[in-house]
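Data block below; observations after.
The values are calculated or read from the model by the stated rules, or taken from the named source; none is laboratory data. Only a predicted model underlies this, so the values are computations on that prediction, with no experimental measurement involved. Here Cβ is always computed from backbone atoms with ideal geometry, including for glycine, and neighbour counts include all displayed protein chains. Protein only, heavy atoms only, side chains kept; ligands, DNA and RNA dropped before computing areas. Shrake-Rupley method; radii C 1.70, N 1.55, O 1.52, S 1.80 Å.
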Amino acid sequence: MQISQLSHPLVRHKLGLLRNKNISTQKFRQLVTELSIMLTYEASRHLPTEYQSISTWCGDTEIEAICGKKPTVVPVLRAGMGMLDGVLTLVPNARISVIGMYRNHKTFEPVIYFEKLVKALEQRMVYVIDPMLATGGTLIATIDTLKQHGAKQIAVLVLVASPEGLERLAKHHPDIQLFTASIDEHLDQNGYIVPGLGDAGDRLFGTQ
Ligand code: URA
């Protein structure tokens, strides 16, 4: 698995602001959007382009335009929704695919309760978004499903990753790319990333 940790000062600064537990829901959302824009900028670096002829004020010229099937974004519910605005700010024509899943309390197996994916997944760049890569269980199951439907080029965008989650994800899906703003210290006994952000879903939705 190819891991890219963004090292831009703006990323480090905004992540620091996000770690403060005393910021408002509105501020938290805004920072998540801004960081998601920067992750998307990095993750979209290799989108293919083609030359097109256009007319300008001083005659005809060739410009570059992103070509091929439009990318699809897959927000991992619920917290992944908080990154969607940021991704769509830079890639406004992206299609959105949704997989809703929960864990069976007894077997811990992921159970899909909703699935609506765009067609021709195999021809698209697929951006899976989730603020926190903790144990990696849901992300792994989400990517399993995407691959079963043909996805081939997958990039995962997270704000904070745990070393344990990275190791597990790399073992299951060595062929994907991962972009993160931070690799934190460890997971605690409750599955929270330390120092992390706390419960990112609750902070995004104001349900804490
Ligand atoms: N999910 C979160 O929102 N935070 C964590 O630290 C781990 C999982």
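Scanning segment 81-100 for residues that are within 23 Å of residue 188 (Cβ to Cβ) and either at pLDDT below 95 or out of contact with any Ser or Thr (no Cβ under 9 Å at 6 or more places or on another chain) (or both) turns up nothing. Here residue 173 meets the list (1) crowded, with 17+ Cβ neighbours inside 10 Å; (2) within 16 Å of the ligand (Cβ to nearest atom); (3) modelled with pLDDT of 95 or more almost entirely, failing just condition (2). All told, residue 196 meets the bar of being touching an Asp or Glu at 6+ places or on another chain (Cβ under 7 Å) and under 24 Å from residue 12 (Cβ atoms).
Residues in segment 177-198 that are out of contact with any Leu (no Cβ under 8 Å at 6 or more places or on another chain) and in contact (Cβ under 8 Å) with a residue 40 or more places away in the chain: 177, 187, 191, 192, 195, 196, 198. Looking only at residues of segment 178-205 that are open to solvent by 40 Å² or more (accessible area, probe 1.4 Å) and more than 10 Å from the ligand (Cβ to nearest atom), we find that the one that is farthest from the chain's Cα centre (by Cα) is 189.
The sole residue among 200, 134, 141 that is touching a Pro at 6+ places or on another chain (Cβ under 6 Å) and within 23 Å of residue 33 (Cα to Cα) is 200.
Among the conditions (1) open to solvent by less than 20 Å² (accessible area, probe 1.4 Å); (2) of a type in the set (A, V, I, L, M); (3) within 16 Å of the ligand (Cβ to nearest atom), residue 132 misses just one, which is (1).
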